[in-house]
1. Could you check, for segment B:1-14, whether at least one of its residues is within 20 Å of residue A:77 (Cβ to Cβ) and among the hydroxyl-bearing types (Ser, Thr, Tyr)?
2. Just a yes or no: is a residue in segment B:50-68 free of Cβ contacts under 8 Å to residues at least 60 places away in the same chain, of a type outside the set (A, V, I, L, M, F, W, C) and in contact with a Cys (Cβ under 6 Å, 6 or more places away or on another chain)?
3. What number goes with the only condition from (1) modelled with pLDDT of 95 or more; (2) farther than 28 Å from residue A:45 by Cβ; (3) not in a strand (DSSP E or B) that residue A:104 does not pass?
4. Looking at A:33, A:29 in this structure, which one is touching a residue at least 12 places away in the same chain (Cβ under 8 Å), away from chain B (no Cβ under 12 Å) and either surrounded by 17 or more Cβ atoms within 10 Å (Cβ to Cβ) or part of a loop (DSSP other than H, G, I, E, B) (or both)?
5. For residue A:3, state whether it is within 8 Å of chain B (Cβ to nearest Cβ), modelled with pLDDT under 95 and under 26 Å from residue B:52 (Cα atoms).
6. Count, please, the residues in segment B:59-118 that happen to be surrounded by 14 or more Cβ atoms within 10 Å (Cβ to Cβ) and of a type in the set (D, E, K, R).
7. Looking only at residues that are within 12 Å of the chain's Cα centre (by Cα), over 20 Å from residue B:16 (Cα atoms) and not in a loop (DSSP other than H, G, I, E, B) in segment A:49-99, which one is farthest from the other protein chains (Cβ to nearest Cβ)?
8. Given (1) within 9 Å of chain B (Cβ to nearest Cβ); (2) farther than 17 Å from residue A:31 by Cα; (3) among the aliphatic types (A, V, I, L, M), where does residue A:112 come up short, assuming only one miss?
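The values are calculated or read from the model by the stated rules, or taken from the named source; none is laboratory data. Owing to the predicted nature of the structure, the values given are computational and were not obtained by experimental measurement. Please note: Cβ atoms are built from the backbone with ideal geometry, for glycine as well, and neighbour counts cover all protein chains shown.
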Protein chains: 2
Amino acid sequence: MSLIDEIKFNEAGLVPAIAQDATTGRVLMMAWMNAEAVEQTLSTGYAHYYSRSRGKQWQKGETSGHVQKIVDIFLDCDGDTLLLKVDQTGPACHTNRQSCFYRQKENEAWRIIEEPKP
Amino acid sequence: MSLIDEIKFNEAGLVPAIAQDATTGRVLMMAWMNAEAVEQTLSTGYAHYYSRSRGKQWQKGETSGHVQKIVDIFLDCDGDTLLLKVDQTGPACHTNRQSCFYRQKENEAWRIIEEPKP
């Protein structure tokens with residue numbers, strides 16, 4: 001039984017993958033993988049995802065250079081979510097912020113807690 | 001514009017929510033919320049989710065007592081994923097482990113790195 005056989009992909013053939021900075025523990029982003037992205041991630045050691053909006057495979061950082069080197073991979077109890085601990089090169093967010101989770105609830109609004117890198 | 005208005009729920013009316021231990025930084029679980037679960041979480045200060053398998057709302061810990069007190073809530077750049085920093089009472093996983101991510105890739109297999117609490 002291979003690693004991939006134990007992953008439960010959803011009806012669209014996808015599994016959510018959470019990327020966490022291996023050094024700081026900060027949660028950087030959540031994206032989706034299909035089986036091919038999992039295989040590409042395992043074989044290259046760098047995070048690959050599947051873009052639902054663009055309908056294609058992508059390596060994180062393929063254009064920005066902001067790649068994610070895999071340190072550890074975890075599978076959850078239900079087998080339907082992956083957690084990646086990564087060495088993140090540059091900002092993880094396409095807005096040029098370290099994390100995609102840069103909006104924090106403050107009372108009744110989302111407050112931006114991180115500005116894009118210059 | 002309310003907090004919920006900025007959240008992009010998927011075609012099933014759901015948004016994934018990652019729960020992270022506010023103290024240790026460990027990622028504990030990922031579950032889904034509908035708008036009602038978000039409202040319940042905001043109004044009570046404790047994590048509520050929507051169970052896709054059972055088709056109903058649930059408060060995390062409603063039977064086990066292993067509740068999640070909300071410390072902070074973050075929304076990602078696309079508005080389609082939530083990150084909860086929580087004070088977790090007891091184990092987060094229904095298998096009685098601290099985190100649902102207790103299987104770690106080791107070579108070509110998933111190795112169990114945490115045993116259930118006695």
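1. Taking segment B:1-14 and keeping what is within 20 Å of residue A:77 (Cβ to Cβ), we get B:14.
Then drop every residue that is not among the hydroxyl-bearing types (Ser, Thr, Tyr), which leaves none.
Taking every residue of segment B:1-14 in turn, none turns out to be within 20 Å of residue A:77 (Cβ to Cβ) and among the hydroxyl-bearing types (Ser, Thr, Tyr).
2. Quick first cut of segment B:50-68, residues free of Cβ contacts under 8 Å to residues at least 60 places away in the same chain only: B:50-68.
Next cut, of a type outside the set (A, V, I, L, M, F, W, C) only: B:50-57, B:59-66, B:68.
Narrowing the set further to residues that are in contact with a Cys (Cβ under 6 Å, 6 or more places away or on another chain) leaves none.
So far as segment B:50-68 goes, no, none of its residues is free of Cβ contacts under 8 Å to residues at least 60 places away in the same chain, of a type outside the set (A, V, I, L, M, F, W, C) and in contact with a Cys (Cβ under 6 Å, 6 or more places away or on another chain).
3. (3)
4. On the way: A:29 fails: away from chain B (no Cβ under 12 Å).
Just a single option satisfies the conditions, and that option is A:33.
5. Considered against the rule, which asks whether it is within 8 Å of chain B (Cβ to nearest Cβ), modelled with pLDDT under 95 and under 26 Å from residue B:52 (Cα atoms), residue A:3 comes out as yes.
6. 11
7. Ranking the qualifying residues of segment A:49-99, first place goes to A:59.
8. Residue A:112 satisfies all of (1) within 9 Å of chain B (Cβ to nearest Cβ); (2) farther than 17 Å from residue A:31 by Cα; (3) among the aliphatic types (A, V, I, L, M) except (1).
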